[in-house]
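Note sheet for the following structure.
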Amino acid sequence: MKQVKALLVAAGLLATVSLPGFAQRSHPEDKAGWKLGAQSYSFRLFPFADAIRKIDSCGLKYIEAFPGQDLGGGLTGKMDFKMDAAARQAVKKLVKDRGMTIVAFGVVNAKDEAEWKALLEFAKEMGIQNINTEPKVEQIPYIARLADEYKINVAMHNHPKPSHYWHPDSVLAVIGTSKYLGACADIGHWVRSGLDPVECLKKLQGHVLGMHFKDVKKDSPDGKHHDVVWGNGESKVDAVIAEMKRQKFKGPISVEYEYHWENNGPEIAESVNYFRKAYSRIQ
């Protein structure tokens, strides 16, 4: 009888572990609507199929795919919004079989209205929530119209200056009134541009549709910043998380780690762990 009770208790524990609520306890950001994932560019030395395996191993289930990455996993070609229907279905299966979701695509640009329509068609078919981009200003009117039509977010990404969107003011100047146009806030690149990431987020309040999350540190004679494990750099990670909470941000957050390219998975996993602990302790 004792053995039967022990088996029942064990079975109950296993059932508890499989409950969604239990899984969510290790991903506290889920309850806020934050889709913490990774930019597959962090694993750009590897095919997409290997990149998503590495992302999964870091405790992440969301993916931002980037254009031009070899597909791998027995698939030919590259990640591209122009890939054919068979390739799209194969990529969706590859991702679904791992229990993962592509939530963003970027940084990507399209040359004209027809290409932008094709890009949004691709995003719709793939179930992608955000397109991260740095378009020409003259393209914005038709991009806004198409974003409204497809109900897909188009987020202006800020590479460091002198790129056009390096400063929040340049983003605010183009997004207009469409709720589907806004910012992909790259906090590390703001630091590289000499900006305070918390102040930049405050300036963009209500318009932050997604984030590229990195912590960077100036640690070389040439004054360049490189990625470090989160909490060890100049990106004010804890204060950024607090500001995101204050703004009631919802959307994709893509881990970017552009350093130690050959084996940066352990540092990404450590950063994710730091983020989740910080999220839980910051009120």
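General observations
- Once the Cα atoms are used to define both axes, helix 2-18 deviates from the longest principal axis of the chain by about 10 degrees.
- Column: log10 I(q)/I(0), Debye, Cα scatterers of the chain, q = 0.12 Å⁻¹: -0.76
- Residues with amide H under 5 Å from that of Trp34, placed H, sequence gap 5 or more: Gly251
- Cleavage-rule hits, trypsin sites (Lys or Arg not before Pro), region 208-283, DSSP coil, Cβ neighbours within 10 Å at most 14: Lys224, Lys248, Lys250
- Translational diffusion coefficient (Stokes-Einstein; Kirkwood radius from C-alpha pairs) of region 68-175 at 20 °C, 1.002 mPa s, in µm²/s: 144 µm²/s
- Principal-axis tilt of helix 140-150 within the chain, Cα atoms, nearest 10 degrees: 30 degrees
- Helix-only arithmetic for the chain: the sum of -39500 (n - 2.57) across DSSP H runs with n ≥ 4, divided by the residue total, places the mean residue ellipticity at 222 nm at -12500 deg cm²/dmol.
- The gain in end-to-end length when the Asp222 to Arg281 segment is fully stretched comes to 17.6 nm, 0.36 nm per residue minus the alpha carbon separation.
- Net length available on complete extension from Asp148 to Asp196 is 14.2 nm, with 0.36 nm assigned per residue and the Cα-Cα distance removed.
- Among the listed pairs Lys35/Lys202; Lys161/Lys214; Lys31/Lys202; Lys82/Lys217; Lys93/Lys117, those whose Cα-Cα separation exceeds 27 Å are Lys82/Lys217.
- One chain, two ends: Asp80 and Ala32. Fully extended at 0.36 nm per residue, the span grows by 14.2 nm beyond their Cα-Cα distance.
- Cα-based helix-to-principal-axis angle, 237-247 vs the chain, degrees rounded to 10: 80 degrees
- The convex hull built on the alpha-carbon positions of region 166-250 has an orientation-averaged projected area of 5.4 nm².
Where a number appears in this text, it was derived from the coordinates with a stated rule and is not lab data. Quick caveat: nothing in here was measured; it's all calculated off a predicted structure. As a convention, Cβ positions derive from the backbone with ideal geometry for all residues, glycine included, and neighbour counts pool all protein chains shown.
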